Amino acid sequence: MIRFDPTRPHSLALLPPSIDIESRAVWRACIEARAALAAMDQAARRIPNSTVLINTLPVLEAADSSRIENIVTTTDELFRHADTDLAGADPATREALRYRRALQEGFQSLDRRPVSTSTAVTVCRTIKNADMDIRRVPGTQIVRQDTGEVLYTPPVGEEVLRDYLKNWERYLHQATQVDPLIRMALGHYQFEAIHPFLDGNGRTGRVLNLLYLVDVGLLSQPVLCLSRYIIEHKADYYRLLMSVTRTGNWEAWVLFMLEAVRDTANWTIAKIDAMAALQRATAEHVKTALPQVYRHELIEILFTQPYCRIRNLVESGIAGRQPAARSLDRLVAIGVLENRGGGREKLFVNVRLMALLSEPGNDFPPFETSLFR
């Protein structure tokens, strides 16, 4: 076995690995992860309007995936700018929201093509807002930010990288005797080790994970916030990636990724159920307090757009500008929304939903009926 030298371009082994990955421990973890994933997908299907999830949970994934790369913004900032042209957003918020756009556009592209090298290029270009392509020149290295120590030098040469990516594609789609969750785990390591772009590889790889789970039918929507688990176990994530490179310790890496799926699916089920309960409670509160204002479509807008603007109601056909403004002001008066300054446009924030999305717990305070008596 050739001794690993982090300063030299790595000679990456092709997939599948030469050792048997499907141990008893891996199979047990795989069964548990698949059960949790199926339960989560069923929970997502119970939400009548899937836009509620598509417009919210991927924002959390975008925030966490960007934070892994030390691009830090807040959930409030992300939702504040989620349906704007991003002109007023800070650079970290713009970059995180490009991650969400890459995920959404990648999801839509699955109708035209499976997950592939072309998908990866398009995703990376969207995230980086640049004309990214497969690396053509040497010199890329992974280094410790504090000491400058070289930790890993990925393969070099565009032709070499494209050959590795062809093997990665074939394994994902042709190794059908291997469970898709195991293929996702192996494929994620391989993509990160190939490191095909000058920048954006980590975030691109994490988008591809979700797209692949949709592609193989394990998810109906890309709403699994895997980056939340990764950022909570960031040291283990990078340690186990490197252990595959250095010692071929595939089993520990696969077990980590399967646990990430299981844990995240269970977390997402609880979050979806809490959001659904809050939406029902909000609808009942508005029906009782403001029956003349209540509309099912209005409640849905408040949950698809936690930072709501008057124009959101106008563009959805719920009301003209003046009636929309009056309705939102009345929802503020009964404690459903909070009015926050937003420059030229008023911002009406669904504060209970924002708390559910940005805080660990899933409880929300009851509505105060005395506000409208």
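Each residue of the range 346-356 was assigned a 3J(HN,Hα) from its phi angle through the Karplus curve 6.51 cos²θ - 1.76 cosθ + 1.60 (θ = phi - 60°); the sequence is 5, 10, 10, 9, 7, 5, 5, 5, 4, 5, 4 Hz, with glycine and proline shown as x.
Just the ratio, please: alpha-carbon radius of gyration of the range 270-372 over 2.2 N^0.38 Å, N its number of residues.
Values: Rg = 13.0 Å, N = 103, 2.2 N^0.38 = 12.8 Å.
This ratio for the range 270-372 stands at 1.02.
Return the calculated 222 nm mean residue ellipticity for the chain, to the nearest 500 deg cm²/dmol, obtained by summing -39500 (n - 2.57) across DSSP H runs with n ≥ 4 and dividing by the residue count.
Value at 222 nm, helices only: -19000 deg cm²/dmol.
Residue 243 to residue 94: FRET efficiency via 1/(1 + (r/R0)^6), r the Cβ-Cβ distance, R0 45 Å, to the nearest 0.05? Write out the running numbers ahead of the final one.
Values: r = 35 Å, r/R0 = 0.77.
The computed FRET efficiency comes out at 0.85.
Quick check on packing: order 175-183, 131-139 by the mean number of other C-beta atoms within 10 Å, highest mean leading. Intermediate results must be reported in sequence, preceding the final value.
On the way: 175-183: 17.6, 131-139: 13.7.
Ranking the peptides 175-183, 131-139 by packing returns 175-183, 131-139.
Rounded to whole numbers, the Karplus 3J(HN,Hα) couplings from phi for the range 156-173 are 10, x, 4, 5, 4, 5, 5, 5, 4, 5, 4, 4, 4, 4, 4, 5, 4, 9 Hz, using 6.51 cos²θ - 1.76 cosθ + 1.60 with θ = phi - 60°, and x at Gly and Pro. Equivalent-ellipsoid semi-axes for the range 231-274 (Cα gyration tensor, √(5λ), whole Å, largest first): 27, 10, 4.
Roughly how many Å is it from the Cα centre of the range 137-189 to that of the range 1-69, as a whole number? Centre-to-centre (Cα) distance: 15 Å.
A simple rule links phi to the HN-Hα coupling: the Karplus curve 6.51 cos²θ - 1.76 cosθ + 1.60 with θ = phi - 60°, which for the range 313-330 gives 6, 5, 5, 7, x, 6, 6, x, 4, 5, x, 5, 4, 5, 5, 5, 4, 6 Hz, with x for Gly and Pro.
State to the nearest 20 debye the size of the charge dipole of the range 24-264 about its Cα centre, where the only charges are +1 on K and R beta carbons and -1 on D and E beta carbons. Write down the numbers at each step before the final one.
Working: 29 positive and 30 negative charges, 92 e Å.
That gives the range 24-264 a dipole magnitude of about 440 debye.
Backbone amide hydrogens, once placed in the peptide plane, bring residue 143 within less than 5 Å of 151, excluding anything fewer than 5 places away on its chain.
None of the figures in this text is laboratory data; all of them are computed from the coordinates on show. Remember, predicted model here, so these are calculated numbers, not experimental data. Don't worry about glycine lacking a Cβ; one is built from the backbone with ideal geometry, like all the others, and counts go over all protein chains shown.
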